[in-house]
Amino acid sequence: MADIENRSKDLVDKFIELYGVAPAAMVKSPGRVNLIGEHTDYNDGYVLPIAINYETMVALAPSNDSTVCLYSSNLDRTSVFSLDKIVHDRINKWSNYPRGVAWMLQRKNIPIEGVNVTIDGDVPMGAGLSSSASLEVAFAFALQAIFEFEMSGAEMAVLCQKAENDFAGVKCGIMDQFISRLGKKDHALFIDCRTLDYQPVPLLQSGIKVIVADTLKKRGLVDSEYNTRRAQCEEAVTLLKRRLPGITALRDVSVADFRKYGMDLPPTVRRRAEHIVHENDRVLESVKLLKQGNIEGFGKLMNESHISLRDLYEVSCRELDVMVEAAWNVKGVYGSRMTGAGFGGCTVSLVDDSAVDDFLKRVSNEYKARIGIAPKLYVCTPENGAEQLEYEVPEII
Ligand code: GLA
(Lines give C-alpha, C1' and ligand atoms only; values in the text may rest on other atoms or scores of the structure.)
Protein backbone atom coordinates (compact mmCIF):
# COMPACT_ATOMS: atom_id res chain seq x y z
CA MET A 1 0.00 0.00 0.00
CA ALA A 2 1.53 3.27 -1.09
CA ASP A 3 1.23 6.06 1.43
CA ILE A 4 -2.19 7.72 1.16
CA GLU A 5 -0.73 11.20 1.59
CA ASN A 6 1.62 10.78 -1.37
CA ARG A 7 -1.08 9.26 -3.50
CA SER A 8 -3.55 12.01 -2.72
CA LYS A 9 -0.93 14.65 -3.50
CA ASP A 10 -0.27 13.01 -6.87
CA LEU A 11 -4.00 12.89 -7.53
CA VAL A 12 -4.38 16.62 -6.82
CA ASP A 13 -1.38 17.42 -9.04
CA LYS A 14 -2.82 15.34 -11.86
CA PHE A 15 -6.22 16.96 -11.41
CA ILE A 16 -4.74 20.44 -11.75
CA GLU A 17 -2.65 19.39 -14.75
CA LEU A 18 -5.71 17.96 -16.55
CA TYR A 19 -8.44 20.40 -15.60
CA GLY A 20 -6.59 23.61 -14.63
CA VAL A 21 -8.44 23.96 -11.29
CA ALA A 22 -8.22 22.34 -7.86
CA PRO A 23 -10.57 19.48 -6.96
CA ALA A 24 -13.61 20.41 -4.88
CA ALA A 25 -13.49 17.15 -2.89
CA MET A 26 -11.49 13.99 -2.52
CA VAL A 27 -12.67 10.67 -1.08
CA LYS A 28 -11.49 7.13 -0.66
CA SER A 29 -13.40 3.89 -0.48
CA PRO A 30 -11.78 0.54 0.32
CA GLY A 31 -11.73 -2.96 -1.14
CA ARG A 32 -12.86 -5.80 1.09
CA VAL A 33 -12.16 -9.29 2.23
CA ASN A 34 -14.91 -11.51 3.60
CA LEU A 35 -13.99 -13.45 6.76
CA ILE A 36 -16.96 -15.81 6.63
CA GLY A 37 -20.44 -16.04 5.07
CA GLU A 38 -19.69 -16.88 1.43
CA HIS A 39 -22.38 -16.86 -1.25
CA THR A 40 -24.90 -16.10 1.48
CA ASP A 41 -25.60 -12.47 0.54
CA TYR A 42 -27.83 -13.26 -2.46
CA ASN A 43 -29.67 -15.78 -0.30
CA ASP A 44 -30.79 -12.97 2.05
CA GLY A 45 -28.28 -14.33 4.58
CA TYR A 46 -25.42 -13.16 6.78
CA VAL A 47 -21.86 -12.07 5.98
CA LEU A 48 -18.86 -10.90 8.03
CA PRO A 49 -16.44 -8.89 5.85
CA ILE A 50 -13.80 -6.28 6.66
CA ALA A 51 -12.90 -3.22 4.63
CA ILE A 52 -9.16 -3.32 3.93
CA ASN A 53 -6.23 -0.94 3.73
CA TYR A 54 -6.31 -0.88 -0.08
CA GLU A 55 -8.69 1.60 -1.62
CA THR A 56 -9.86 3.65 -4.57
CA MET A 57 -9.38 7.41 -4.34
CA VAL A 58 -11.47 9.87 -6.33
CA ALA A 59 -10.90 13.63 -6.70
CA LEU A 60 -13.52 15.70 -8.49
CA ALA A 61 -14.99 19.13 -9.24
CA PRO A 62 -18.06 20.28 -11.20
CA SER A 63 -17.41 20.60 -14.95
CA ASN A 64 -20.13 23.24 -15.30
CA ASP A 65 -21.92 21.37 -18.06
CA SER A 66 -23.34 17.88 -18.41
CA THR A 67 -20.03 16.22 -19.27
CA VAL A 68 -18.38 13.67 -16.98
CA CYS A 69 -14.67 13.22 -17.63
CA LEU A 70 -13.06 10.27 -15.85
CA TYR A 71 -9.29 9.88 -15.76
CA SER A 72 -7.76 6.69 -14.31
CA SER A 73 -4.18 7.20 -13.21
CA ASN A 74 -3.68 3.43 -12.83
CA LEU A 75 -4.46 2.80 -16.47
CA ASP A 76 -3.58 6.27 -17.78
CA ARG A 77 -6.88 6.27 -19.68
CA THR A 78 -9.69 8.79 -20.01
CA SER A 79 -13.36 8.06 -20.59
CA VAL A 80 -15.83 10.87 -21.25
CA PHE A 81 -19.63 10.74 -21.28
CA SER A 82 -22.62 13.03 -21.20
CA LEU A 83 -25.27 12.91 -18.49
CA ASP A 84 -27.80 13.65 -21.25
CA LYS A 85 -27.41 10.08 -22.50
CA ILE A 86 -25.39 7.62 -20.46
CA VAL A 87 -24.13 4.78 -22.60
CA HIS A 88 -21.58 1.98 -22.08
CA ASP A 89 -17.91 2.40 -22.94
CA ARG A 90 -16.91 -0.83 -24.66
CA ILE A 91 -13.20 -0.05 -24.59
CA ASN A 92 -12.72 1.49 -21.14
CA LYS A 93 -14.79 -1.13 -19.36
CA TRP A 94 -13.69 0.13 -15.91
CA SER A 95 -15.63 3.34 -16.59
CA ASN A 96 -18.92 1.42 -16.73
CA TYR A 97 -18.92 1.27 -12.92
CA PRO A 98 -18.99 5.05 -12.40
CA ARG A 99 -21.21 5.43 -15.47
CA GLY A 100 -23.63 2.98 -13.84
CA VAL A 101 -23.61 5.01 -10.63
CA ALA A 102 -24.52 8.21 -12.51
CA TRP A 103 -27.20 6.29 -14.43
CA MET A 104 -28.71 4.93 -11.20
CA LEU A 105 -28.70 8.38 -9.56
CA GLN A 106 -30.66 9.70 -12.53
CA ARG A 107 -33.13 6.83 -12.29
CA LYS A 108 -33.68 7.80 -8.66
CA ASN A 109 -34.20 11.43 -9.70
CA ILE A 110 -31.23 12.57 -7.68
CA PRO A 111 -29.94 15.74 -9.31
CA ILE A 112 -26.27 15.67 -10.30
CA GLU A 113 -24.29 17.71 -12.79
CA GLY A 114 -21.21 17.06 -14.88
CA VAL A 115 -17.89 16.52 -13.12
CA ASN A 116 -14.21 16.27 -13.87
CA VAL A 117 -12.63 13.34 -12.06
CA THR A 118 -9.27 11.76 -11.36
CA ILE A 119 -9.13 8.23 -9.95
CA ASP A 120 -6.32 6.24 -8.35
CA GLY A 121 -6.70 2.82 -6.77
CA ASP A 122 -4.44 0.23 -5.19
CA VAL A 123 -7.04 -2.52 -4.74
CA PRO A 124 -5.61 -5.30 -6.93
CA MET A 125 -7.86 -5.64 -9.98
CA GLY A 126 -9.41 -9.00 -10.82
CA ALA A 127 -8.23 -10.55 -7.53
CA GLY A 128 -11.67 -10.79 -5.94
CA LEU A 129 -11.06 -7.95 -3.48
CA SER A 130 -13.87 -5.81 -4.90
CA SER A 131 -11.97 -3.13 -6.75
CA SER A 132 -15.15 -2.47 -8.77
CA ALA A 133 -17.36 -1.99 -5.69
CA SER A 134 -14.77 0.35 -4.20
CA LEU A 135 -14.77 2.41 -7.43
CA GLU A 136 -18.58 2.59 -7.49
CA VAL A 137 -18.83 3.62 -3.86
CA ALA A 138 -15.95 6.10 -4.12
CA PHE A 139 -17.63 7.79 -7.10
CA ALA A 140 -21.09 7.88 -5.46
CA PHE A 141 -19.63 9.17 -2.20
CA ALA A 142 -17.61 11.83 -4.04
CA LEU A 143 -20.72 13.00 -5.90
CA GLN A 144 -22.59 13.19 -2.61
CA ALA A 145 -19.73 15.26 -1.14
CA ILE A 146 -20.15 17.98 -3.77
CA PHE A 147 -23.88 17.83 -4.64
CA GLU A 148 -24.96 17.15 -1.04
CA PHE A 149 -27.92 14.87 -1.77
CA GLU A 150 -29.57 12.93 1.06
CA MET A 151 -28.61 9.26 1.02
CA SER A 152 -27.82 6.92 3.90
CA GLY A 153 -24.85 4.56 3.76
CA ALA A 154 -27.07 1.51 3.24
CA GLU A 155 -29.02 3.30 0.49
CA MET A 156 -25.79 4.17 -1.28
CA ALA A 157 -24.61 0.56 -1.08
CA VAL A 158 -27.87 -0.63 -2.66
CA LEU A 159 -27.65 2.02 -5.37
CA CYS A 160 -24.10 0.97 -6.25
CA GLN A 161 -25.07 -2.71 -6.25
CA LYS A 162 -27.90 -1.91 -8.67
CA ALA A 163 -25.47 0.03 -10.86
CA GLU A 164 -23.32 -3.10 -11.05
CA ASN A 165 -26.32 -5.43 -11.62
CA ASP A 166 -28.28 -3.36 -14.10
CA PHE A 167 -25.67 -1.23 -15.88
CA ALA A 168 -22.34 -3.06 -15.69
CA GLY A 169 -24.26 -6.37 -15.99
CA VAL A 170 -22.73 -8.26 -13.04
CA LYS A 171 -25.26 -10.05 -10.82
CA CYS A 172 -23.44 -9.51 -7.50
CA GLY A 173 -25.03 -9.43 -4.04
CA ILE A 174 -24.94 -6.49 -1.60
CA MET A 175 -21.88 -7.42 0.48
CA ASP A 176 -19.08 -5.68 -1.43
CA GLN A 177 -20.68 -2.26 -1.80
CA PHE A 178 -22.03 -2.37 1.75
CA ILE A 179 -18.69 -3.01 3.43
CA SER A 180 -16.89 -0.55 1.16
CA ARG A 181 -19.32 2.16 2.24
CA LEU A 182 -19.79 1.25 5.92
CA GLY A 183 -16.72 -0.69 7.11
CA LYS A 184 -15.33 0.14 10.55
CA LYS A 185 -11.71 0.40 11.61
CA ASP A 186 -10.49 -2.56 13.69
CA HIS A 187 -13.84 -4.30 13.26
CA ALA A 188 -15.52 -6.78 10.99
CA LEU A 189 -19.07 -5.91 9.96
CA PHE A 190 -21.83 -8.40 10.64
CA ILE A 191 -24.41 -7.67 7.94
CA ASP A 192 -27.91 -9.07 7.63
CA CYS A 193 -28.30 -8.95 3.86
CA ARG A 194 -32.10 -9.07 4.07
CA THR A 195 -32.80 -6.25 6.51
CA LEU A 196 -29.47 -4.45 5.90
CA ASP A 197 -29.04 -4.14 9.66
CA TYR A 198 -25.39 -4.25 10.58
CA GLN A 199 -23.20 -4.43 13.62
CA PRO A 200 -19.45 -3.89 14.02
CA VAL A 201 -17.68 -6.83 15.66
CA PRO A 202 -14.30 -6.07 17.31
CA LEU A 203 -11.60 -8.05 15.59
CA LEU A 204 -8.04 -7.28 16.42
CA GLN A 205 -8.17 -7.23 20.20
CA SER A 206 -5.80 -10.11 20.67
CA GLY A 207 -2.75 -9.76 18.47
CA ILE A 208 -3.93 -11.33 15.23
CA LYS A 209 -3.44 -10.36 11.61
CA VAL A 210 -5.59 -10.92 8.56
CA ILE A 211 -3.49 -12.15 5.65
CA VAL A 212 -4.90 -12.19 2.14
CA ALA A 213 -3.15 -14.46 -0.37
CA ASP A 214 -3.80 -13.92 -4.07
CA THR A 215 -3.53 -17.12 -6.13
CA LEU A 216 -3.08 -14.94 -9.25
CA LYS A 217 -5.34 -17.39 -11.02
CA LYS A 218 -7.52 -15.72 -13.65
CA ARG A 219 -11.12 -16.16 -12.54
CA GLY A 220 -12.39 -17.24 -15.95
CA LEU A 221 -15.42 -19.28 -14.91
CA VAL A 222 -16.58 -17.02 -12.19
CA ASP A 223 -19.45 -15.17 -13.92
CA SER A 224 -21.25 -18.15 -15.43
CA GLU A 225 -20.73 -20.38 -12.38
CA TYR A 226 -21.87 -17.58 -10.06
CA ASN A 227 -25.14 -17.28 -11.98
CA THR A 228 -25.58 -21.06 -11.97
CA ARG A 229 -25.18 -21.14 -8.18
CA ARG A 230 -27.75 -18.38 -7.79
CA ALA A 231 -30.22 -20.30 -9.95
CA GLN A 232 -29.60 -23.53 -7.98
CA CYS A 233 -30.32 -21.73 -4.71
CA GLU A 234 -33.56 -20.36 -6.16
CA GLU A 235 -34.49 -23.85 -7.28
CA ALA A 236 -33.87 -25.17 -3.75
CA VAL A 237 -36.23 -22.52 -2.36
CA THR A 238 -38.95 -23.40 -4.88
CA LEU A 239 -38.69 -27.09 -4.00
CA LEU A 240 -38.43 -26.62 -0.23
CA LYS A 241 -41.47 -24.34 -0.29
CA ARG A 242 -43.67 -27.41 -0.71
CA ARG A 243 -42.74 -28.41 2.84
CA LEU A 244 -41.91 -24.97 4.20
CA PRO A 245 -44.48 -22.64 2.60
CA GLY A 246 -43.35 -19.57 4.58
CA ILE A 247 -39.82 -19.37 3.12
CA THR A 248 -38.73 -16.85 0.49
CA ALA A 249 -34.95 -17.50 0.56
CA LEU A 250 -32.51 -20.11 1.91
CA ARG A 251 -31.93 -17.74 4.79
CA ASP A 252 -35.31 -18.88 6.13
CA VAL A 253 -34.28 -22.54 6.28
CA SER A 254 -32.84 -23.62 9.63
CA VAL A 255 -30.32 -26.43 10.04
CA ALA A 256 -33.09 -28.51 11.68
CA ASP A 257 -35.50 -27.85 8.75
CA PHE A 258 -32.80 -28.83 6.32
CA ARG A 259 -32.16 -32.10 8.15
CA LYS A 260 -35.85 -32.91 7.81
CA TYR A 261 -36.53 -31.81 4.26
CA GLY A 262 -33.17 -31.54 2.51
CA MET A 263 -33.36 -35.15 1.35
CA ASP A 264 -36.21 -34.20 -1.01
CA LEU A 265 -33.85 -32.11 -3.16
CA PRO A 266 -31.96 -33.41 -6.20
CA PRO A 267 -28.30 -34.13 -5.23
CA THR A 268 -26.57 -31.07 -6.72
CA VAL A 269 -29.18 -28.61 -5.51
CA ARG A 270 -29.09 -30.32 -2.13
CA ARG A 271 -25.34 -29.79 -1.79
CA ARG A 272 -25.67 -26.12 -2.71
CA ALA A 273 -28.47 -25.57 -0.19
CA GLU A 274 -26.61 -27.48 2.51
CA HIS A 275 -23.67 -25.11 2.16
CA ILE A 276 -25.86 -22.01 2.44
CA VAL A 277 -27.91 -23.23 5.41
CA HIS A 278 -24.80 -24.19 7.41
CA GLU A 279 -22.78 -21.17 6.29
CA ASN A 280 -25.45 -18.81 7.63
CA ASP A 281 -25.32 -20.71 10.89
CA ARG A 282 -21.52 -20.44 10.95
CA VAL A 283 -21.72 -16.65 10.59
CA LEU A 284 -24.08 -16.34 13.57
CA GLU A 285 -21.81 -18.61 15.61
CA SER A 286 -18.73 -16.66 14.49
CA VAL A 287 -20.16 -13.39 15.77
CA LYS A 288 -20.79 -14.98 19.16
CA LEU A 289 -17.29 -16.45 19.32
CA LEU A 290 -15.57 -13.24 18.25
CA LYS A 291 -17.47 -11.26 20.87
CA GLN A 292 -16.17 -13.71 23.46
CA GLY A 293 -12.64 -13.32 22.06
CA ASN A 294 -12.61 -16.98 21.03
CA ILE A 295 -10.36 -16.73 17.97
CA GLU A 296 -9.58 -20.46 17.99
CA GLY A 297 -13.27 -21.31 17.69
CA PHE A 298 -13.76 -18.75 14.95
CA GLY A 299 -10.76 -20.09 13.03
CA LYS A 300 -12.25 -23.58 13.05
CA LEU A 301 -15.44 -22.23 11.49
CA MET A 302 -13.36 -20.55 8.77
CA ASN A 303 -11.79 -23.92 7.98
CA GLU A 304 -15.21 -25.61 7.90
CA SER A 305 -16.43 -22.89 5.57
CA HIS A 306 -13.61 -23.65 3.15
CA ILE A 307 -14.35 -27.37 3.14
CA SER A 308 -18.02 -26.67 2.50
CA LEU A 309 -17.23 -24.26 -0.37
CA ARG A 310 -14.87 -26.86 -1.83
CA ASP A 311 -17.04 -29.97 -1.48
CA LEU A 312 -20.65 -28.79 -1.37
CA TYR A 313 -20.82 -25.45 -3.15
CA GLU A 314 -17.94 -26.45 -5.47
CA VAL A 315 -16.54 -22.98 -6.11
CA SER A 316 -12.94 -23.62 -5.04
CA CYS A 317 -10.12 -24.68 -7.38
CA ARG A 318 -6.73 -26.36 -7.06
CA GLU A 319 -4.88 -23.07 -6.50
CA LEU A 320 -7.20 -22.00 -3.67
CA ASP A 321 -7.04 -25.43 -2.04
CA VAL A 322 -3.23 -25.53 -2.20
CA MET A 323 -2.99 -22.06 -0.65
CA VAL A 324 -5.42 -22.94 2.14
CA GLU A 325 -3.70 -26.25 2.89
CA ALA A 326 -0.34 -24.49 3.03
CA ALA A 327 -1.80 -22.04 5.55
CA TRP A 328 -3.37 -24.80 7.65
CA ASN A 329 0.11 -26.33 8.03
CA VAL A 330 1.60 -23.21 9.64
CA LYS A 331 1.60 -23.13 13.43
CA GLY A 332 -0.12 -20.00 14.70
CA VAL A 333 -2.76 -19.94 11.94
CA TYR A 334 -6.23 -19.91 13.51
CA GLY A 335 -8.13 -20.45 10.29
CA SER A 336 -7.87 -20.12 6.53
CA ARG A 337 -10.36 -20.28 3.66
CA MET A 338 -11.07 -19.14 0.15
CA THR A 339 -12.86 -15.79 0.09
CA GLY A 340 -15.13 -14.08 -2.43
CA ALA A 341 -16.85 -15.72 -5.37
CA GLY A 342 -14.18 -18.43 -5.91
CA PHE A 343 -12.63 -20.13 -8.99
CA GLY A 344 -9.41 -18.23 -8.28
CA GLY A 345 -8.88 -14.96 -6.47
CA CYS A 346 -7.77 -14.93 -2.85
CA THR A 347 -7.71 -16.82 0.42
CA VAL A 348 -8.04 -15.18 3.82
CA SER A 349 -6.19 -16.39 6.91
CA LEU A 350 -6.28 -15.34 10.53
CA VAL A 351 -2.74 -15.49 11.83
CA ASP A 352 -1.18 -14.92 15.23
CA ASP A 353 1.21 -11.94 15.23
CA SER A 354 4.08 -14.22 16.19
CA ALA A 355 3.48 -16.44 13.13
CA VAL A 356 3.22 -13.78 10.42
CA ASP A 357 6.81 -14.02 9.14
CA ASP A 358 6.68 -17.80 9.11
CA PHE A 359 3.36 -17.67 7.24
CA LEU A 360 4.65 -15.31 4.57
CA LYS A 361 7.69 -17.48 3.93
CA ARG A 362 6.17 -20.94 4.14
CA VAL A 363 2.88 -20.33 2.32
CA SER A 364 4.71 -18.54 -0.45
CA ASN A 365 7.30 -21.32 -0.83
CA GLU A 366 4.78 -24.13 -0.72
CA TYR A 367 2.45 -22.46 -3.22
CA LYS A 368 5.36 -21.81 -5.54
CA ALA A 369 6.59 -25.39 -5.25
CA ARG A 370 3.17 -26.87 -6.03
CA ILE A 371 1.66 -24.36 -8.48
CA GLY A 372 4.78 -22.94 -10.09
CA ILE A 373 4.28 -19.22 -9.39
CA ALA A 374 4.80 -17.09 -6.32
CA PRO A 375 1.52 -15.81 -4.84
CA LYS A 376 0.96 -12.20 -3.76
CA LEU A 377 0.46 -11.84 -0.02
CA TYR A 378 -1.09 -8.85 1.72
CA VAL A 379 -1.16 -8.24 5.46
CA CYS A 380 -4.47 -6.42 5.85
CA THR A 381 -5.96 -4.26 8.55
CA PRO A 382 -9.71 -3.59 9.02
CA GLU A 383 -10.40 -0.02 7.95
CA ASN A 384 -13.25 2.46 7.78
CA GLY A 385 -15.51 2.48 4.76
CA ALA A 386 -15.84 5.52 2.48
CA GLU A 387 -14.37 8.74 3.87
CA GLN A 388 -13.57 12.22 2.69
CA LEU A 389 -9.86 13.04 2.55
CA GLU A 390 -8.10 16.23 3.47
CA TYR A 391 -5.67 17.53 0.87
CA GLU A 392 -3.53 20.54 0.17
CA VAL A 393 -3.76 22.58 -2.99
CA PRO A 394 -0.40 23.85 -4.33
CA GLU A 395 -0.06 27.59 -4.90
CA ILE A 396 0.30 27.70 -8.69
CA ILE A 397 -3.35 28.57 -9.36
C1 GLA B 1 -18.84 -11.86 -5.08
C2 GLA B 1 -20.11 -11.01 -5.06
C3 GLA B 1 -20.65 -10.87 -3.63
C4 GLA B 1 -20.80 -12.23 -2.97
C5 GLA B 1 -19.51 -13.04 -3.11
C6 GLA B 1 -19.65 -14.45 -2.59
O7 GLA B 1 -17.82 -11.19 -4.40
O8 GLA B 1 -19.84 -9.73 -5.59
O9 GLA B 1 -21.88 -10.16 -3.66
O10 GLA B 1 -21.90 -12.92 -3.49
O11 GLA B 1 -19.10 -13.11 -4.47
O12 GLA B 1 -19.84 -14.46 -1.23
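The values are calculated or read from the model by the stated rules, or taken from the named source; none is laboratory data. Since the model is a prediction, treat every value here as computed from it, not as a measurement. So basically every Cβ, Gly included, is an ideal-geometry build from the backbone, and we count neighbours across all protein chains shown. For accessibility, only protein heavy atoms count, side chains too; no ligands or nucleic acids. Shrake-Rupley method; radii C 1.70, N 1.55, O 1.52, S 1.80 Å.
Okay, here's what the table says:
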{"quantity": "Zone of K241's modelled label, taken as backbone nitrogen in the range 33-61 under 19 Å from a point 7 Å along Cα→Cβ", "calculated": "42-45"}
{"quantity": "3J(HN,Hα) from dihedral phi, the range 24-36, Karplus parametrisation 6.51/-1.76/1.60, rounded to Hz, x for glycine, proline", "calculated": "8, 7, 9, 9, 9, 9, x, x, 8, 9, 8, 7, 6"}
{"quantity": "Solvent-accessible surface ranking, highest first, for S134, S254 at 1.4 angstrom", "calculated": "S254, S134"}
{"quantity": "For the range 174-192 and the range 224-265, distance of Cα centres in Å", "calculated": "26"}
{"quantity": "Cα shape, the range 167-247, gyration tensor, a/c 1.5 rule", "calculated": "oblate"}
{"quantity": "Spatial extent of the chain: Rg and Dmax, with the Cα atoms as the point set, Å", "calculated": "21.3, 72"}
{"quantity": "The chain: most fluctuating residue of D44, D223, D84 per GNM, C-alpha cutoff 10 Å", "calculated": "D84"}
{"quantity": "Full-extension gain in nm, E155 to N64, via 0.36 nm per residue minus C-alpha separation", "calculated": "30.1 nm"}
{"quantity": "Gaussian network model of the chain, springs between alpha carbon atoms under 10 Å - residue of P98, P245, P30 with greatest fluctuation", "calculated": "P245"}
{"quantity": "Candidate aspartates and glutamates for bridging to K361, where Cα separation is under 20 Å - those fewer than 8 sequence places away on the same chain excluded", "calculated": "D214, E319, D321, E325, D352, D353"}
{"quantity": "The range 34-69 versus the range 342-376: alpha-carbon centroid distance in Å", "calculated": "26"}
{"quantity": "Cα-derived Rg to Rh of the range 145-200, Kirkwood definition", "calculated": "0.99"}
{"quantity": "Protein accessible area in the range 72-206, 1.4 Å probe - carbon and sulfur %", "calculated": "47"}
{"quantity": "Cα-based radius of gyration of the range 32-149 once divided by 2.2 N^0.38 Å, which approximates compact folds", "calculated": "1.12"}
{"quantity": "Cα shape, the range 259-397, gyration tensor, a/c 1.5 rule", "calculated": "prolate"}
{"quantity": "Eligible lysines near K9 by straight Cα distance, threshold 21 Å, same-chain separation 8 or greater", "calculated": "K28"}
{"quantity": "Amide N of the range 111-152 lying under 16 Å from the label point, which is placed 7 angstrom from the Cα of D10 along Cα→Cβ", "calculated": "118-125"}
{"quantity": "Surface accessible to a 1.4 Å probe, per residue, for the residues of the range 312-397, Å²", "calculated": "45"}
{"quantity": "Choice from F190, F178, F15 with maximal GNM fluctuation in the chain (Cα, 10 Å cutoff)", "calculated": "F15"}
{"quantity": "Under 5 Å, built H, 5+ apart or other chain: amide partners of A188", "calculated": "V201, L203"}
{"quantity": "Pairs from K209/K300; K184/K331; K108/K171; K300/K331 whose Cα-Cα separation, in the structure shown, is over 22 Å", "calculated": "K184/K331"}
